[in-house]
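Below is one structure, written out as structure tokens; the observations come after it.
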Amino acid sequence: MSSSMSGMFSGQQPPGPHPVGGVSGPGQPGFPGAATRAPGNNTLVDELEASFEACFASLVSQDYVNGTDQEEIRTGVDQCIQKFLDVARQTECFFLQKRLQLSVQKPEQVVKEDVSELRNELQRKELLVQKHLSKLHHWQQVLEDVSVQHRKPTELPPPGPLAFLEQASASLPPAPLKPS
């Protein structure tokens, strides 16, 4: 597996200069504490890290904080973010290619991973069902308790035909008196 990932560490990026953190270039301030890397030895991971550092540095750089031209600041930040997104897409593409190679070379590994994911999902859903069942039992018990409490007063034989109305009116608050 390590040999199949060696492409990422031996320069899978497109040819051309790739600015990396360290010394500040025009419009791209360096990230404080970032080590300067040799331009020929960049990997996708190094580029992703450097572009993230450049994004962060562009947001906290004193040049941008003290700058007066907001449009220039916005353009610089947008360029840093776009560079980061481009490198992130390249990195994602690299891993998708490796995943495709793995699925072609070892399809049983993909099936094992799928089975493992399905088992984990099933276990998660079983726990969720148990949680809902416990809540259901709790509320069933509450309903049963409430219905038992309401049955006790009605077990007495009603004294007359208006017993229900008398019982219902007893639970109402007294009506306020109207001034005459």
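The values are calculated or read from the model by the stated rules, or taken from the named source; none is laboratory data. Since the structure is predicted, the reported quantities are computational estimates derived from the model, not experimental observations. With ideal geometry, Cβ positions are generated from the backbone for all residues, glycine too; neighbour counts draw on all protein chains shown. Each accessible area value is taken on the protein alone, full model and side chains, heavy atoms only, with ligands, DNA and RNA left out. Shrake-Rupley method; radii C 1.70, N 1.55, O 1.52, S 1.80 Å.
Helices (runs of 4 or more DSSP H) fully within region 25-132 that include at least 2 residues being polar (S, T, N, Q), on the phi < 0 side of the Ramachandran plot and at pLDDT 80 or above: 44-60, 70-105.
Of all residues in region 67-116 being in contact with a strand residue (DSSP E or B) (Cβ under 8 Å, 6 or more places away or on another chain) and not small (Gly, Ala, Ser), which is farthest from Leu44 (Cα to Cα)? Checking each candidate, the answer is Gln79. Whenever a residue of region 112-128 is over 25 Å from Leu102 (Cβ atoms), it has no partner that is of a type in the set (Ser, Thr, Tyr) and open to solvent by 100 Å² or more (accessible area, probe 1.4 Å) lying with C-beta atoms less than 6 angstrom away and at least six residues away or across chains.
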